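Please read the structure below before turning to the comments.
The values are calculated or read from the model by the stated rules, or taken from the named source; none is laboratory data. Just so we're clear, the structure is a prediction, and the values are computed from it rather than from any experiment. Positions of Cβ are generated from backbone atoms using ideal geometry, with glycine treated the same way; all protein chains shown enter the neighbour counts. In case anyone asks, the SASA skips ligands and DNA or RNA and just uses the protein heavy atoms, side chains included. Shrake-Rupley method; radii C 1.70, N 1.55, O 1.52, S 1.80 Å.
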Amino acid sequence: MRFGYASINLTLGAQKIQVNRSMIKSTFMEKGVEYASALALANFIDLEKVIEWNIEHNIMFYRMSSDMVPWMSEYEIHDLPDYEKIREVLARCGERVASSGFRLSFHPGPFNVLATNTQSVLTKTIKELRQHAEIMDLLHLPLSPFAKINIHVGGAFGDKISALARFAESYVQLPANVQRRLTVENDDKANMFSITDLLWLHEQVKTPVVFDYFHHKFCTGGLSEEEAFLAAYDTWPSDITPVVHFSSSKKLHEDPTAPPTAHADYLYDEVETYGKDVDIMFEAKAKEAAVMEYRQYLKYITHEE
């Protein structure tokens, strides 16, 4: 069972090692692709350091930042002046990942909406997902949801059935290196997409479902946590360990004024995996520190028992 965290390593960040160097749009317009290329190369060089740190600390699952290539929607990755250097760095990262059993994933932002009813949004979404897959290809990651590109269905637009149908129609327009890695996740709003809704989508396009424990509390689809967990688990290929997302409530544990759906900095609940083997992406604001604290907690209770 792998534990992971998303994007930013706070320990390394304190040493100015970061994977999300970016810029505002006006800077991009002024400095152009050359500057974006330099930032991307620096981000990927530091990605290698983050991967190595994670392996050394036995945190074997990591969600890469979608900001590693700034403003990539405005160009093609292979047109970057530093493309050959980037390719070399990522190939090296991929070798280290493959030899260690490390797992990498992506979670592109909420503006990627395959269920959209606007053609321009769909065109941008397909390009963005394709570019995420291209980075994974440069890392030589598997063409499977082991290297998942995880998204939400997106807006329901007042009609969930039609939105799910549009998602399925848009899915077939994706290149194969996206289709074979794509997963979908349940939402945290009652009027959005539950595990029940995503099971229908899985029947149409076979996209595995990522179960988010915290989201399920707000959008159950009429299922208990165990029922939803097991239903999502069964959508994954038998030879690939499913991924789940887990976080604790900031409102309940850290700040009573926080919104109900806000994620806590640390983890205050034990993950119930119902006897199944899963890889857990912890969505805690304290990142790697939260994962390491949770792991110490597990060692403590195991020793106590």
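Residues are listed down the side, and each one gets a yes or a no for (1) of a type in the set (Gly, Ala, Ser); (2) part of a helix (DSSP H, G or I); (3) in contact with a Ser or Thr (Cβ under 9 Å, 6 or more places away or on another chain):
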position: Lys16; (1), (2), (3): no, no, no
position: Thr27; (1), (2), (3): no, yes, no
position: Gly32; (1), (2), (3): yes, yes, no
position: Ile51; (1), (2), (3): no, yes, yes
position: Asn54; (1), (2), (3): no, yes, no
position: Asn58; (1), (2), (3): no, no, no
position: Leu90; (1), (2), (3): no, yes, no
position: Ser99; (1), (2), (3): yes, yes, no
position: Leu104; (1), (2), (3): no, no, no
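Are there any pairs, at least 6 apart or on different chains, whose C-beta atoms fall under 7 Å, with the first in segment 140-163 and without any contact (Cβ under 8 Å) to a residue 60 or more places away in the chain and under 11 Å from Phe193 (Cα atoms) and the second surrounded by fewer than 18 Cβ atoms within 10 Å (Cβ to Cβ) and among the hydrophobic types (A, V, I, L, M, F, W, C), and if so, which?
Ala163/Phe157
Would you check which residues across segment 133-161 are over 15 Å from Val184 (Cα atoms), part of a helix (DSSP H, G or I) and at pLDDT 95 or above and list them?
Ala133, Glu134, Ile135, Met136, Asp137, Leu138
Would you tally the residues in segment 203-234 being open to solvent by less than 60 Å² (accessible area, probe 1.4 Å), of a type in the set (A, V, I, L, M, F, W, C) and either on the phi > 0 side of the Ramachandran plot or not in a helix (DSSP H, G or I) (or both)?
Summing the residues that are open to solvent by less than 60 Å² (accessible area, probe 1.4 Å), of a type in the set (A, V, I, L, M, F, W, C) and either on the phi > 0 side of the Ramachandran plot or not in a helix (DSSP H, G or I) (or both) in segment 203-234 gives 5.
Test each condition in (1) open to solvent by less than 50 Å² (accessible area, probe 1.4 Å); (2) within 23 Å of the chain's Cα centre (by Cα) for Gly32 and report the one that comes out false.
(2)
Go through segment 236-252 residue by residue and tally those that are over 17 Å from Arg103 (Cβ atoms) and in a strand (DSSP E or B).
Adding up the residues that qualify gives 1.
Specify the residue that is most open to solvent (accessible area, probe 1.4 Å); the eligible residues are those in segment 156-200 that are among the polar types (S, T, N, Q) and under 17 Å from Pro145 (Cα atoms). Working first, answer last.
Here is the first cut: in segment 156-200, the residues among the polar types (S, T, N, Q) are 162, 170, 173, 177, 179, 183, 186, 191, 194, 196.
Subset that is under 17 Å from Pro145 (Cα atoms): 177, 179, 183, 186.
Details: Asn177: 30, Gln179: 51, Thr183: 0, Asn186: 0 Å².
Across segment 156-200, the extreme among qualifying residues is Gln179.
In segment 172-183, how many residues are within 25 Å of Asp279 (Cα to Cα) and either polar (S, T, N, Q) or out of contact with any strand residue (DSSP E or B) (no Cβ under 6 Å at 6 or more places or on another chain) (or both)?
First, pick out the residues of segment 172-183 that are within 25 Å of Asp279 (Cα to Cα): 176-183.
With either polar (S, T, N, Q) or out of contact with any strand residue (DSSP E or B) (no Cβ under 6 Å at 6 or more places or on another chain) (or both) added as a condition, the list becomes 176-180, 183.
Residues that pass the stated criteria total 6.
Here are the criteria: (1) crowded, with 19+ Cβ neighbours inside 10 Å; (2) part of a loop (DSSP other than H, G, I, E, B); (3) not polar (S, T, N, Q). Tell me which single one Leu41 does not satisfy.
(2)
Here is a yes/no grid of residues against (1) free of Cβ contacts under 8 Å to residues at least 60 places away in the same chain; (2) surrounded by 15 or more Cβ atoms within 10 Å (Cβ to Cβ):
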site: Tyr75; (1), (2): yes, yes
site: Glu95; (1), (2): yes, no
site: Arg103; (1), (2): no, yes
site: Gly109; (1), (2): yes, no
site: Asn112; (1), (2): yes, yes
site: Val121; (1), (2): yes, yes
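Checking the structure you have, find out if any residue of segment 245-258 is open to solvent by less than 60 Å² (accessible area, probe 1.4 Å), aliphatic (A, V, I, L, M), touching a helix residue (DSSP H, G or I) at 6+ places or on another chain (Cβ under 6 Å) and modelled with pLDDT of 95 or more.
Yes, some residue in segment 245-258 is open to solvent by less than 60 Å² (accessible area, probe 1.4 Å), aliphatic (A, V, I, L, M), touching a helix residue (DSSP H, G or I) at 6+ places or on another chain (Cβ under 6 Å) and modelled with pLDDT of 95 or more.
Identify all residues within segment 95-112 that are farther than 18 Å from Val178 by Cα and not aliphatic (A, V, I, L, M); write none if there are none. Full working, then the answer.
Within segment 95-112, the subset farther than 18 Å from Val178 by Cα is 95-102.
Of everything in segment 95-112, those that are farther than 18 Å from Val178 by Cα and not aliphatic (A, V, I, L, M) turn out to be Glu95, Arg96, Ser99, Ser100, Gly101, Phe102.
Quick check, is Asp265 open to solvent by 40 Å² or more (accessible area, probe 1.4 Å) and either touching a residue at least 24 places away in the same chain (Cβ under 8 Å) or among the aromatic types (Phe, Trp, Tyr) (or both)?
On the way: open to solvent by 40 Å² or more (accessible area, probe 1.4 Å): yes; either touching a residue at least 24 places away in the same chain (Cβ under 8 Å) or among the aromatic types (Phe, Trp, Tyr) (or both): yes.
For Asp265, the condition - open to solvent by 40 Å² or more (accessible area, probe 1.4 Å) and either touching a residue at least 24 places away in the same chain (Cβ under 8 Å) or among the aromatic types (Phe, Trp, Tyr) (or both) - is met.
Cβ contacts < 7 Å: first residue aliphatic (A, V, I, L, M), restricted to segment 240-258; second residue in a loop (DSSP other than H, G, I, E, B), any location; separation 6+ or different chain. Result?
Ile240/Ser144; Val243/Lys148; Val243/Val278; Val244/Val278
Would you tally the residues in segment 261-305 being farther than 26 Å from Val209 by Cβ and part of a loop (DSSP other than H, G, I, E, B)?
4
Do any residues in segment 276-288 that are over 19 Å from Glu226 (Cβ atoms) have Cβ atoms under 6 Å from those of residues that are assigned to a loop (DSSP other than H, G, I, E, B) and open to solvent by 10 Å² or more (accessible area, probe 1.4 Å), where the two are at least six apart or on different chains, and which pairs are they?
Every condition considered, the pairs that remain are Ala284/Tyr266; Ala284/Leu267; Lys285/Asp265; Ala286/Asp265; Ala286/Tyr266; Lys287/Ile8.
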